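The values are calculated or read from the model by the stated rules, or taken from the named source; none is laboratory data. Predicted, not measured: the structure shown is a model, and the values here were computed from it. Here the Cβ positions follow ideal geometry from the backbone for every residue, glycine too, while neighbour counts run over all protein chains shown.
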Amino acid sequence: MSNLPVRLASLALFALLCAVLTYWVIVLGGRSKVVTAPSEITPPPSTEAAGELFGGSPQASARQDFKLVGILSLGPGRGAAAIISSSEGPTHTLAKGQLLDRDTRLSEVRERSVVLERAGVKSEIFLPVATQSMGYLR
């Protein structure tokens with residue numbers, strides 16, 4: 001008689017015993033764990049804090065939106081001016097190089113846009129798309 005079937009049966013029964021023991025360890029061991037809710041949820045960091053992290057000051061991180069209302073041509077060779085409205089104040093008419101607020105300077109006036117410079121960073125603001133009711137004088 002061969003010893004092989006007895007060895008295979010022993011191996012199968014041992015694998016079944018390991019599987020049953022593993023199942024019961026997982027089932028009984030999982031019940032003892034208690035899941036607790038976090039005691040305090042921290043709010044996400046503010047954008048002002050992120051600006052300070054990269055070298056900005058708290059006062060300079062206040063954002064102000066500007067809208068280009070119009071561009072005035074002062075004539076050939078005399079330059080141009082821009083009409084700019086801010087989200088926190090009145091509308092201003094500025095020539096190239098003038099300050100819009102304490103941090104923002106009108107750097108350049110182009111045909112359909114202006115370039116504002118704030119703390120060395122330049123941003124371009126475009127005129128809104130003209131509708132049929134708007135007219136431009138030259």
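Every residue in segment 1-37 that is at pLDDT 90 or above and β-branched (V, I, T), please. Of everything in segment 1-37, those that are at pLDDT 90 or above and β-branched (V, I, T) turn out to be V6, V20, T22. Just one residue in the set E48, E88, E52 is within 14 Å of L100 (Cα to Cα), within 24 Å of the chain's Cα centre (by Cα) and at pLDDT below 75; that residue is E88.
Filtered by the rule that a residue be of a type outside the set (D, E), surrounded by fewer than 14 Cβ atoms within 10 Å (Cβ to Cβ) and within 24 Å of E52 (Cβ to Cβ), segment 63-81 gives R63, Q64. In this entry, T131 passes the filter for residues that are modelled with pLDDT under 80 and of a type in the set (V, I, T).
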